[in-house]
Amino acid sequence: MKRALIDTNILSLFLRAHPSVVDHINQYLQHYPYLTFSIINYYEIVSGLQHRDAYKQLDTFRIFAKQCEILPLTPEIAEKTATLYAELRKQGQPIDDIDLLIAGTALAHQCVIITNNIKHFERIPGLDVIDWSK
């Protein structure tokens with residue numbers, strides 16, 4: 001089983017106890033000691049909860065995140081992301097910057113991305129994509 005980078009939508013489903021996501025994460029945690037996501041995913045969860053004034057859920061997420069690996073942005077990730085951006089723009093198939101940064105992080109760390117946003121991520125060359133929500 002390849003190391004996984006968990007996308008924001010899957011994190012959100014996990015935090016809401018989506019059965020399929022919980023099952024997949026429990027299986028994954030039998031092989032790896034923690035979940036991995038990027039600082040971008042952290043930002044998306046925190047900003048969404050703050051927007052909704054969901055402070056109890058925000059506290060719960062922060063406690064949960066301390067038990068996870070949160071990958072920072074680095075110059076290597078910025079370079080990979082910039083290359084992806086340029087290639088997709090030239091093809092007339094741009095993807096928003098946040099998803100590109102998450103994909104660049106997954107590629108830089110040789111992770112499969114776990115998402116239910118297959119439509120965007122499957123267009124990125126070399127990126128393995130799996131949906132745990134089904």
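Since every read-out is calculated from the coordinates, none of them should be taken as a lab result. Source: prediction; values computed, not measured. Positions of Cβ are backbone-derived with ideal geometry, glycine not excepted, and every protein chain shown enters the neighbour counts.
Descriptive notes on the structure:
- Helix content alone sets the calculated 222 nm mean residue ellipticity of the chain: runs of n ≥ 4 DSSP H residues at -39500 (n - 2.57) each, divided across all residues, give -16500 deg cm²/dmol.
- C-alpha center-to-center spacing [segment 44-106, segment 4-37] in angstrom: 16 Å
- Spacing of the modelled spin labels on Ile118 and Tyr34, each 7 Å from Cα toward Cβ, amounts to 3.1 nm.
- Computed extension gain for Gln93 through Ala17, at 0.36 nm per residue and net of the alpha carbon distance, reaches 24.0 nm.
- Remark: the chain carries a charge dipole of roughly 180 debye about the Cα centre, counting +1 on each Lys and Arg Cβ and -1 on each Asp and Glu Cβ.
- Taking the longest Cα principal axis of the chain as reference, the axis of helix 97-108 is set at about 90 degrees.
- One compactness figure for the chain is 1.04, namely its Cα radius of gyration divided by 2.2 N^0.38 Å.
- Farthest toward the positive end of the dipole of the chain, out of Gly92, Leu107, Met1, is the Cα of Met1, where the dipole comes from beta carbon charges about the Cα centre.
- Separation of the Ala82 and Asn26 label points, Cα + 7 Å toward Cβ, nm: 4.5 nm
- Fully extended contour minus Cα-Cα distance, from Gln50 to Leu73, at 0.36 nm per residue: 6.1 nm
- Take every Cα pair under 8 Å whose residues are at least 6 apart in sequence, average their separation, divide by the length of segment 4-130, and the relative contact order is 30 percent.
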